[in-house]
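Trainee: The structure that follows is given in the form of structure tokens.
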Amino acid sequence: MTLDARLLDVVRATKGFMPEEEGDALYAAALEGGRVGPLLEIGTYCGKSAVYLGAAARERGTVAFSVDHHRGSEENQAGWEHHDHEVVDPATGRMDTLPFFRRAIEAAGLEDVIVGVVGHSLPIARAWRTPLGFLFIDGGHAEDIAMGDYEGWARHVAPGGVLAIHDVFDNPDDGGQAPFHVWQRAVADGFEPDAINGSLRTLRRPQ
Ligand code: SAH
Ligand code: MG
């Protein structure tokens, strides 16, 4: 499943961590989940994956929530592998990806279907009440953060809904293991493995 050309241009111009093939798979999975209910992702960054989710939400007549405190994960901070000095706010010296996200969804024309939720994942998860058709976990990749996101959010996936997890590597030589542990936990909890595309894995909650 591929985005239309105009949205693909926006995705390509947006900073982030979503290879195009995985983005296509994310879009396809979001279209499936969007049949069941609204979409939600943890880990907006600059909005790259949000554009895929927004496109799917529009097609399904629903909305896509995108949760992030916009201060970056540990691995996005200065001195770490995934740091980009352009997303540091010169006034404070702290990361702030919110303006980039706003520009991306504006350029995509998706401001009416993508809802930015700015804050820490866990308190939002605790207050959340709406069953989700699609949940995408792509926040912090430290073991406690990733597993916390799963524990906070997976229970909101409706029967028949889709759970997607990014950066899953079963071989430690290829990347950190926390998302893989989350995937294993989801399987143990009864989510049924669906597809694998690169490091993107999708599962479904049985009806
Ligand atoms: N999906 C994005 C990449 C997300 S990077 C893309 O397509 O490019 C991970 C993001 O998770 C970072 O922006 C970071 O700020 C956010 N994050 C990490 N831990 C978080 C937490 N506990 N609560 C909210 N956001 C968090
Ligand atoms: Mg990722």
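The values are calculated or read from the model by the stated rules, or taken from the named source; none is laboratory data. These numbers come from a predicted model, not from an experiment. Using ideal geometry, Cβ is built from the backbone for each residue, glycine included, and neighbour counts are taken over all protein chains shown. Please note that ligands, DNA and RNA were not included when accessible areas were found on the heavy atoms of the full protein model with its side chains. Shrake-Rupley method; radii C 1.70, N 1.55, O 1.52, S 1.80 Å.
Trainee: Residue check: is A142 of a type in the set (G, A, S), open to solvent by 70 Å² or more (accessible area, probe 1.4 Å) and more than 13 Å from the chain's Cα centre (by Cα)?
Mentor: no
Trainee: Going through D138, D112, D68 one at a time, which residue ends up being among the acidic types (D, E) and more than 8 Å from ligand 1 (Cβ to nearest atom)?
Mentor: D112
Trainee: Could we say that P193 is closer than 17 Å to A29 by Cβ, free of Cβ contacts under 8 Å to residues at least 12 places away in the same chain, open to solvent by 60 Å² or more (accessible area, probe 1.4 Å) and not in a helix (DSSP H, G or I) here?
Mentor: yes
Trainee: What helices (runs of 4 or more DSSP H) lie completely within segment 75-166 and have 1 or more residues being among the acidic types (D, E) and more than 19 Å from R60 (Cβ to Cβ)?
Mentor: Here the list reads 98-107, 143-153.
Trainee: Working carefully through the options E86, E74, find the one that is within 9 Å of ligand 1 (Cβ to nearest atom), more than 16 Å from the chain's Cα centre (by Cα) and either open to solvent by 40 Å² or more (accessible area, probe 1.4 Å) or at pLDDT 95 or above (or both).
Mentor: Answer to the selection: E74.
Trainee: Related question: Please identify the pairs in which a residue from segment 90-117 that is free of Cβ contacts under 8 Å to residues at least 40 places away in the same chain has its Cβ atom under 6 Å from the Cβ atom of a residue that is in a loop (DSSP other than H, G, I, E, B) and open to solvent by 50 Å² or more (accessible area, probe 1.4 Å), counting only partners at least 6 apart or on another chain.
Mentor: M95/R71
Trainee: Here are I137, I165: which of them is in contact with a helix residue (DSSP H, G or I) (Cβ under 8 Å, 6 or more places away or on another chain), crowded, with 16+ Cβ neighbours inside 10 Å and in contact (Cβ under 8 Å) with a residue 60 or more places away in the chain?
Mentor: Selected residue: I137, the only one of I137, I165 that is in contact with a helix residue (DSSP H, G or I) (Cβ under 8 Å, 6 or more places away or on another chain), crowded, with 16+ Cβ neighbours inside 10 Å and in contact (Cβ under 8 Å) with a residue 60 or more places away in the chain.
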